[in-house]
Amino acid sequence: MLQLRTISGVTGVMGCLMALVMFFQRRSYPPSIHGLGHWAAAPLVAFASAVLFTLRGKLPDLLSLGLANALMFAGAVLFVAGSYRFFERPLSARAGLLLGLTGLAIIAFMHFFTGPYGYRVLFMGLLLGGVGVWHARLIWSQPVQSFATRFTGVVLLLSSIIILARAVTAPFMAPQEGLFTPSPMQVVYLLGLAFGTLLTSIGTVLMAAEHLRQELERLITHDSLTGALTRRALFTTGEAELSRARRQGRPLSVLMLDLDHFKQINDEHGHLVGDRVLADFVERAHAVLRRPAVLGRYGGEEFVALLPDTDAEQALAVAERLRASPAADAALPRCHVSIGVATAQFEDTLDSLINRADAGLYQAKARGRNQVVQRLAAS
């Protein structure tokens, strides 16, 4: 039989190491990634709990049992709180208060309860297992799943199953004196805690790394000021959409948009206000455009909208709605937009399609701006 105190000690060491990993990871990650502090604290609290459990018999029961159980519960809650912050989901005050009071009540019951040890295991196991299932459900409820989220969710669920299995069987097992009474279930339980803490921490590291990768990809593909696609990403998307349109025989239209008299806004109100006008225009454009349409910044105050599955008549209607749309922020200077519209022909390349929309844009400006001009074919 494995030495149960050794297993408990290993659990603590694993938790401490993962806390250090997450701590240094937190320092090197951008502040836009939330929850890392809670995730770093959780295995550290688990380490303190494991140390106190290991010292059972050498410390008063208030510390080696009461405080150790409280820290184990706190570590589980910190993991959950970190995930709520990471996914930017609010944890209601009522739910947090109810969880905290329930945990304190069960830990107090365990300390003062003088009945069979198995019933103390039952109540504490139900508490920890319930928190684990809650945590797994939170992760699996995210709209976009990845290897990291699936891995972490499976680890949490398996750990919770082990904890709950020990809890519901404890009252029917042979009498036990404490956590380190040798039995196969105790070995499985302690190993589950050890590897559950380690693998959950690894899962959080993977989720944070994946989030960072997504942030970096967004910085590469999206304009930092407006959030529209960069010119490079716009052309990559446009080539793919044009190929798809040809392959499936579907229409594809392009809007070339230019903010009228934008230089005058910069000169009169300053570049900071000009930047806000650009960002406001993109917000207003996104309110009009619907997926799978995408908007990219072509350069300066010029933008290109790709409209897959949109024919010439529909594209003209979209352009008119966009031209007439009000500013999202009424406090900003009013800025009209001129728009050129083109719909792909069989022989079009992306460059020729955009050039035709650009020709429509120049014609709209020549007619007095704040207009939409459609170029149906090259001339």
**Request:** Tell me which residues, restricted to region 334-361, are out of contact with any strand residue (DSSP E or B) (no Cβ under 7 Å at 6 or more places or on another chain) and free of Cβ contacts under 8 Å to residues at least 40 places away in the same chain.
**Result:** R334, Q345, E347, D351, S352, N355
**Item:** Options L216, L198, L212, L193: the member that is open to solvent by 30 Å² or more (accessible area, probe 1.4 Å), part of a helix (DSSP H, G or I) and touching a Ser or Thr at 6+ places or on another chain (Cβ under 6 Å)
**Value:** L193
**Asked** Does at least one position in region 296-318 carry a residue that is hydrophobic (A, V, I, L, M, F, W, C), in a loop (DSSP other than H, G, I, E, B) and open to solvent by 40 Å² or more (accessible area, probe 1.4 Å)?
**Response** no
**Item:** Selection from region 54-64 of residues that are assigned to a helix (DSSP H, G or I), open to solvent by 20 Å² or more (accessible area, probe 1.4 Å) and not acidic (D, E)
**Value:** T54, L62, L63
**Asked** Taking the stated definitions as given, is P292 surrounded by fewer than 20 Cβ atoms within 10 Å (Cβ to Cβ) and in contact with a Pro (Cβ under 8 Å, 6 or more places away or on another chain)?
**Response** yes
**Item:** region 1-33, residues that are at pLDDT 80 or above and outside any helix (DSSP H, G or I)
**Value:** Y29, P30, P31, S32, I33
**Message:** So for region 293-311 (the condition being in contact (Cβ under 8 Å) with a residue 12 or more places away in the chain, more than 32 Å from the chain's Cα centre (by Cα) and over 19 Å from A240 (Cβ atoms)), does at least one residue qualify?
**Reply:** yes
**Residue, most open to solvent (accessible area, probe 1.4 Å), within region 105-143, restricted to residues that are in a loop (DSSP other than H, G, I, E, B) and at pLDDT 85 or above** = P143
**Item:** Out of L67, L91, L98, sole residue that is without any contact (Cβ under 8 Å) to a residue 40 or more places away in the chain and assigned to a loop (DSSP other than H, G, I, E, B)
**Value:** L91
**Prompt:** Taking region 244-263, which residues are open to solvent by 50 Å² or more (accessible area, probe 1.4 Å), of a type outside the set (K, R) and either modelled with pLDDT of 95 or more or not in a helix (DSSP H, G or I) (or both)?
**Reply:** G249, H261
**Message:** What are the pairs with Cβ atoms under 6 angstrom where one residue, in region 225-238, is at pLDDT below 95 and the other, located anywhere, is acidic (D, E)? Sequence gap at least six, or different chains.
**Reply:** L225/D275; T230/D223
**Item:** V282 vs. criteria free of Cβ contacts under 8 Å to residues at least 60 places away in the same chain, open to solvent by less than 50 Å² (accessible area, probe 1.4 Å), in a helix (DSSP H, G or I) and in contact with a Gly (Cβ under 7 Å, 6 or more places away or on another chain)
**Value:** yes
**Asked** Just for region 145-175: of the residues that are open to solvent by 50 Å² or more (accessible area, probe 1.4 Å) and outside any helix (DSSP H, G or I), which one is modelled with the highest pLDDT?
**Response** Q145
**Asked** Which one of the conditions (1) open to solvent by less than 30 Å² (accessible area, probe 1.4 Å); (2) under 31 Å from the mean Cα position of the chain (by Cα); (3) at pLDDT below 95 does N266 fail to meet, given that it meets all the rest?
**Response** (2)
**Asked** Out of (1) in a loop (DSSP other than H, G, I, E, B); (2) more than 20 Å from V373 (Cα to Cα); (3) in contact (Cβ under 8 Å) with a residue 12 or more places away in the chain; (4) of a type outside the set (D, E), what's the single condition that is false for A331?
**Response** (3)
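The values are calculated or read from the model by the stated rules, or taken from the named source; none is laboratory data. Keep in mind it's a predicted model, so treat the numbers as computed, not measured. In this analysis, Cβ positions are derived from the backbone assuming ideal geometry, glycine residues included, and neighbour counts consider all displayed protein chains. Ligands, DNA and RNA are excluded from the accessible area calculation, which covers all protein heavy atoms including side chains. Shrake-Rupley method; radii C 1.70, N 1.55, O 1.52, S 1.80 Å.
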